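Below you'll find the structure, written out as structure tokens, and then a few comments.
The values are calculated or read from the model by the stated rules, or taken from the named source; none is laboratory data. Predicted model, so just to flag it, every value in this text is computed and none were measured. All Cβ positions, even for glycine, are placed from backbone atoms using ideal geometry, and neighbour counts span all protein chains on display.
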Amino acid sequence: MAHHKSAQKRIRQTAKRRLANRYYAKTMRNAVRVLRATTGKAESQEKLPKVVSLIDRLAKRGYIHKNKASNLKAKLAKRVNTLAA
């Protein structure tokens, strides 16, 4: 157990950030999963901008790396574009 006040505060901050990171990462994964499971072209084109926006927001805030965000967006766009009408 930490004895210094600053170390105790650091432990509290880390725990709080960890929870936030897990929440945002899980939310993103679920959104991506739902989009990938969608089979209709119109429905998936409607969901894509919302998911891309969420991914961009997480990358901007540092929850995920910008390259991971870019890869996810490219793969999702490719998948949506290959769906048949």
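Close contacts from the stretch 65-83, counting a first residue that is closer than 14 Å to L54 by Cβ and a second that is of a type in the set (D, E), with Cβ to Cβ under 9 Å and a gap of 6+ residues or different chains, come to A69/D56; K73/D56. All of A59, A69, A77 fail the test of being touching a His at 6+ places or on another chain (Cβ under 8 Å), part of a helix (DSSP H, G or I) and surrounded by 12 or more Cβ atoms within 10 Å (Cβ to Cβ), apart from A59. Checked against the criterion of being surrounded by 12 or more Cβ atoms within 10 Å (Cβ to Cβ), modelled with pLDDT under 95, touching a helix residue (DSSP H, G or I) at 6+ places or on another chain (Cβ under 8 Å) and not in a helix (DSSP H, G or I), the stretch 1-23 has no qualifying residue.
Scanning the stretch 24-45 for residues that are charged (D, E, K, R) and either exposed (fewer than 12 other Cβ atoms within 10 Å of the Cβ) or not in a helix (DSSP H, G or I) (or both) yields a total of 3.
Matching residues to (1) at pLDDT 95 or above; (2) not charged (D, E, K, R):
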{"site": "V32", "(1), (2)": "yes, yes"}
{"site": "K50", "(1), (2)": "yes, no"}
{"site": "D56", "(1), (2)": "yes, no"}
{"site": "G62", "(1), (2)": "no, yes"}
{"site": "K66", "(1), (2)": "yes, no"}
{"site": "A69", "(1), (2)": "yes, yes"}
